[in-house]
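What follows is a single structure, written as structure tokens, with notes after it.
The values are calculated or read from the model by the stated rules, or taken from the named source; none is laboratory data. Bear in mind the structure is a predicted one, so any value in this text is a computation, not a measurement. Quick reminder, even Gly has a Cβ in these numbers, built from the backbone with ideal geometry, and neighbours come from all protein chains shown. With ligands, DNA and RNA removed, areas are computed over all heavy atoms of the protein, side chains included. Shrake-Rupley method; radii C 1.70, N 1.55, O 1.52, S 1.80 Å.
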Amino acid sequence: YIVAYLKEQMPMLMGKERKQQELINDLPSVFRTVMKRYNLAPGDFPDLEMYRSKLAEQDFSKFAKLKPQLIDQVEQVLAYDIPRLMEALPRSVDSRPRMVDPMEEHAAAAPDAGAGTPPDYGEEKADQPPAADNPFGDDD
């Protein structure tokens with residue numbers, strides 16, 4: 001989706017280099033636009049700086065256009081075909097992962113050490129700001 005959007009924004013004749021540089025510089029806005037247009041989550045996008053450096057090496061005018069029928073086919077495979085194939089695979093009770101209670105595991109490792117003290121699981125500190133929902137900024 002990102003590549004198709006970048007291709008769509010490119011001029012036909014003149015000013016391609018300038019427009020490409022503008023798009024690279026304004027990549028957070030590009031990501032927000034694509035995220036809204038295709039109803040995608042921020043976690044579906046690559047690292048901003050890494051992607052920016054990769055884009056600098058490309059010619060956007062040579063990108064292929066988005067083919068909606070191919071996207072539909074991939075979504076069909078992911079939504080229906082793969083789950084159907086997974087259901088056809090043999091299952092074994094012994095092959096399922098065993099859920100381990102971290103409290104039991106902690107107590108078994110050191111039965112007397114830290115009795116009555118819950119283990120530290122690296123919880124967020126109260127003085128730390130909450131993580132942003134959208135790493136590309138707000139639209140406002």
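Here are some notes:
- Selection from the range 60-75 of residues that are assigned to a helix (DSSP H, G or I) and aliphatic (A, V, I, L, M): 70, 71, 74
Here's the yes/no breakdown for (1) open to solvent by 30 Å² or more (accessible area, probe 1.4 Å); (2) touching a His at 6+ places or on another chain (Cβ under 9 Å); (3) basic (Lys, Arg); (4) assigned to a loop (DSSP other than H, G, I, E, B):
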{"residue": "3", "(1), (2), (3), (4)": "yes, no, no, no"}
{"residue": "6", "(1), (2), (3), (4)": "no, no, no, no"}
{"residue": "11", "(1), (2), (3), (4)": "yes, no, no, yes"}
{"residue": "14", "(1), (2), (3), (4)": "yes, no, no, yes"}
{"residue": "19", "(1), (2), (3), (4)": "yes, no, yes, no"}
{"residue": "24", "(1), (2), (3), (4)": "no, no, no, no"}
{"residue": "33", "(1), (2), (3), (4)": "yes, no, no, no"}
{"residue": "36", "(1), (2), (3), (4)": "yes, no, yes, no"}
{"residue": "40", "(1), (2), (3), (4)": "yes, no, no, yes"}
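- Given (1) open to solvent by 80 Å² or more (accessible area, probe 1.4 Å); (2) part of a helix (DSSP H, G or I); (3) farther than 24 Å from residue 137 by Cβ, number of the condition residue 50 does not satisfy: (3)
- With respect to being of a type in the set (Val, Ile, Thr) and modelled with pLDDT of 80 or more, residue 74 fits the description.
- Unmet requirement for residue 48, which otherwise passes all of (1) touching a Pro at 6+ places or on another chain (Cβ under 8 Å); (2) under 16 Å from residue 59 (Cα atoms); (3) among the hydrophobic types (A, V, I, L, M, F, W, C): (2)
- Residue identified as over 20 Å from the mean Cα position of the chain (by Cα), at pLDDT 85 or above, loosely packed, with under 10 Cβ neighbours inside 10 Å and not in a helix (DSSP H, G or I) among 87, 57: 57
- All positions within the range 60-84 that are open to solvent by 100 Å² or more (accessible area, probe 1.4 Å) and hydrophobic (A, V, I, L, M, F, W, C): 78
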